[in-house]
1. I want to confirm something. Restricting to region 208-226 and keeping residues that are in a loop (DSSP other than H, G, I, E, B) and among the charged types (D, E, K, R), which single residue is farthest from Tyr175 (Cα to Cα)?
2. Does region 209-222 hold any residues that are touching a strand residue (DSSP E or B) at 6+ places or on another chain (Cβ under 9 Å) and over 15 Å from Asn267 (Cβ atoms), and which are they?
3. Pairs needed: first member in region 357-385, free of Cβ contacts under 8 Å to residues at least 60 places away in the same chain; second member anywhere, charged (D, E, K, R); C-beta distance under 8 Å; at least 6 residues apart or different chains.
4. Please go through (1) surrounded by fewer than 21 Cβ atoms within 10 Å (Cβ to Cβ); (2) within 25 Å of Phe304 (Cα to Cα); (3) not small (Gly, Ala, Ser) for Thr178 and return the number of the only condition it doesn't satisfy.
5. Would you pick out the residues in region 334-350 that are out of contact with any Gly (no Cβ under 8 Å at 6 or more places or on another chain) and buried (at least 22 other Cβ atoms within 10 Å of the Cβ)?
6. With the requirement that a residue be part of a loop (DSSP other than H, G, I, E, B) and hydroxyl-bearing (Ser, Thr, Tyr), what does region 281-312 give you?
7. Can you tell me which of (1) modelled with pLDDT under 95; (2) more than 25 Å from Gly377 (Cα to Cα) is the one Gly311 doesn't meet?
8. If Ser38 satisfies every condition in (1) modelled with pLDDT of 50 or more; (2) under 30 Å from Phe146 (Cα atoms); (3) out of contact with any Lys or Arg (no Cβ under 8 Å at 6 or more places or on another chain); (4) not in a loop (DSSP other than H, G, I, E, B) but one, which is the exception?
Amino acid sequence: MLWYQARSHSANRAATLCPELCIVPSIVVASFLLTAWSVFPALAEDTAAGQTIDRQTLDLWSAPYRGWYYYPDHVIPSQPRIPGFEDFRNTDVPCVYQLPEHPDRWYMSFIAFNGRGYNSFVAESTDLIDWKNPRLAMGFGMPGEFDHGGCVVGAYLYQSYDIKAPRLLKKKDGYYWTLYGCYPRQGGYELRPGYEGVAKSRDGLTWQRALDTPILSIYDPDCGAWEKDCIYQPWLLEEDSLFYNFYNAAQGSVEQTGLAVSHDLLNWKRYENNPVIRVRPGGYDEVFASDPKVFRDGDHWTMFYFGVGKGGAHIMIAFSRDLRHWKAHPEPLYKAGGHPGGLDKTYAHKISLVYQPKNDTFYMFYCAVGEQGRGIGLLTSRPIP
């Protein structure tokens with residue numbers, strides 16, 4: 001197999017922002033809020049934790065996640081031809097995980113679109129390259145419900161969030177758990193507004209609602225101005241018996257990343273100093289700072305997200321010492337348009353990171369949009385034979 005190395009100075013040929021990159025959903029419904037803000041430890045000043053991470057530290061901490069090698073093709077194609085769902089295409093939002101009963105097998109959830117809305121699917125692999133047996137993971141909600149327009153799973157409760165840990169799902173109360181983004185209406189691409197829900201599963205493969213109301217909505221009393229038009233995709237993390245939900249949301253055409261917390265996965269309270277990752281004028285994330293993925297990385301936390309700015313969608317990185325105060329590196333980890341086959345000529349975004357100890361390699365799956373359409377691409381930290 002021919003692999004190509006990604007260079008940090010690869011040409012950026014990303015296209016300008018298009019409606020594909022705008023996420024949506026939402027519908028009026030009750031909100032479950034925690035009664036006190038005591039779920040957060042005492043807050044430091046904004047100038048503390050995150051802001052004291054200097055440029056030298058940003059460079060040092062981001063260095064292990066630069067210099068990628070390209071897999072030549074999509075690992076999940078634009079038209080996956082899923083049995084019984086052949087009309088779904090434009091695969092997106094990969095998220096890789098493992099099940100404790102099958103530690104040598106990986107599963108990838110992803111979404112596809114059929115003109116009415118999204119469904120979530122799952123495929124499996126024994127080598128992280130060849131993905132087989134795609135089938136439905138979570139479909140459309142019932143008419144009139146907040147997730148009728150489609151569900152986007154992929155914010156799983158893991159046993160460990162260490163960046164090199166196996167992506168093993170964790171059971172709570174006899175179930176596996178995921179947060180999910182969703183849309184209330186069918187008939188178009190991410191019709192605003194949008195919600196987030198919570199789902200559970202006995203087998204880790206098919207998912208059902210765990211709550212009949214959204215966990216986050218633009219109608220919540222604590223919804224901020226920065227997120228008033230649409231709530232998007234969550235990322236779930238557990239630390240010290242507290243659940244964190246990092247999520248992107250929109251005000252007009254601008255998307256930023258915020259934080260909410262919970263003690264039980266069902267009732268959520270937003271962080272008062274949202275957004276935690278903000279757009280930066282003139283930067284690679286001047287329009288979007290979206291789709292966060294957070295991991296413990298030694299003595300700090302690392303967030304991968306995508307930025308939209310300077311003519312494209314790029315894979316970005318940020319760091320924190322306390323999960324609340326974040327500092328983003330100004331330079332992308334990876335710019336769209338670098339793939340020699342044109343696989344990500346238009347967009348490179350929405351990552352899922354996995355470490356394989358057998359070959360000491362990170363596998364970064366991402367939504368690669370280019371000359372082969374919208375599909376799931378792959379970058380690795382080492383060339384794979």
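The values are calculated or read from the model by the stated rules, or taken from the named source; none is laboratory data. Keep in mind that what you see is a predicted model, and the values were worked out from it rather than measured. Reconstructed Cβ throughout: ideal geometry from the backbone, glycine too, with neighbour counts over all protein chains shown.
1. Going through the qualifying residues, I end up with Asp222.
2. Arg209, Ile218
3. Asn359/Arg382; Asp360/Arg382; Thr361/Arg382; Gly370/Asp344; Gly370/Lys345; Glu371/Lys345
4. For Thr178, the failing item is (1).
5. Tyr334, Gly338, His349, Lys350 - these are the residues of region 334-350 that are out of contact with any Gly (no Cβ under 8 Å at 6 or more places or on another chain) and buried (at least 22 other Cβ atoms within 10 Å of the Cβ).
6. Initially, region 281-312 is screened for residues part of a loop (DSSP other than H, G, I, E, B), giving 281-287, 298-299, 310-311.
Across region 281-312, the qualifying residue is only Tyr284.
7. Of everything listed in (1) modelled with pLDDT under 95; (2) more than 25 Å from Gly377 (Cα to Cα), Gly311 misses just condition (2).
8. Unmet for Ser38, out of (1) modelled with pLDDT of 50 or more; (2) under 30 Å from Phe146 (Cα atoms); (3) out of contact with any Lys or Arg (no Cβ under 8 Å at 6 or more places or on another chain); (4) not in a loop (DSSP other than H, G, I, E, B): (1).
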